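The values are calculated or read from the model by the stated rules, or taken from the named source; none is laboratory data. The structure displayed is predicted, hence computed values, not measured ones. Because the Cβ atoms are built from the backbone with ideal geometry, glycine has one as well, and the counts that use them run over all protein chains shown. Accessible surface is based on the protein model in full, side chains and every heavy atom, while ligands, DNA and RNA are left aside. Shrake-Rupley method; radii C 1.70, N 1.55, O 1.52, S 1.80 Å.
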Amino acid sequence: MDQCGGADGLDDQRCEPARLTYPYSNSRAQDGVQAIDLNGNNPGWIEQTVTLVPGHRYRLDWYDSRHYIMGSSVTTTYNVLINAAPTGFSVPSGVSTGAAAATDWWNAQTMQFVAAAASTTVRFAATAPGGGLGSFIDNVQLIDITPTVSIACTAASLPDSAGQTSACTVTSSAAAPAGGLSVNLTLPTGGPRYTVSCASPLVIAAGATASTATCSVTAVANTDVGDGNVTATLALAAGSGYIIDPANGAATVTITDDDAAVAVPTLGGWALLALSGLLAAFGLRRRGSR
């Protein structure tokens, strides 16, 4: 049959022309009591179609080994295909079970991919002839590892003076994969009160958990009185390979008006009485001088 089924995913399922093997004295399954030999009588394959979330990142884990009859000098290869497209992940199978201790028979393998469609077919296909002696595959697992991304700006408030800048960083809950993680941003347009120096997408480098590229909001210095406060909001936008943290998917920087109006002096009660007395005396003097 062309498709495997079962609650435990690809592990220990039979698809022709791959062949289900049993634990002979020289071939022990990595997990459970069964493994898959990718060669039935010729190079074969095994596949399963699963329902995934488009745009989510998945990790495919499995173990491989050479057929137990193969000598240690024999190399047999296979490829991993996602929806019939080779991933370029072509690996030689593990050490020969006939030439090493049982603990060394199996090699752990892993790869990652972003689901392009809800219906996704994962296939392991032999790529080198070997008659009935192919690569053993066992304990296949498919895990959703989509990271959650957030954004924060420090500081959250800037006076509208010279040299006032808030640095903004995008952070991922897991290390970025090979090639990095590109995160889309919705940026404010800027204006007379501030400037924005960010690019979208913002890239988190492979193996890192935070962006390092310059992304900042800078206040424009001015001395205008009464122009009030303004805000600049940077928001994460949907993209491939990540989930936006609903609680930290946007960061707002407030540009405050730090220019105080000049106070007009006022006279207190006693000062007003003294002033009125002076004015009265001035009036009397003017009348007496006539």
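Overview of values
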| item | result |
| --- | --- |
| Accessible-area ranking of R66, R59, largest first, probe 1.4 Å | R59, R66 |
| The stretch 194-245, accessible area per residue, ligands and nucleic acids excluded (1.4 Å, Å²) | 47 |
| Added length on full extension, which subtracts the Cα-Cα distance from 0.36 nm per residue, S157 to A221 | 21.6 nm |
| Separation in nanometres of the label points that stand 7 Å from Cα toward Cβ, at T127 and T51 | 3.2 |
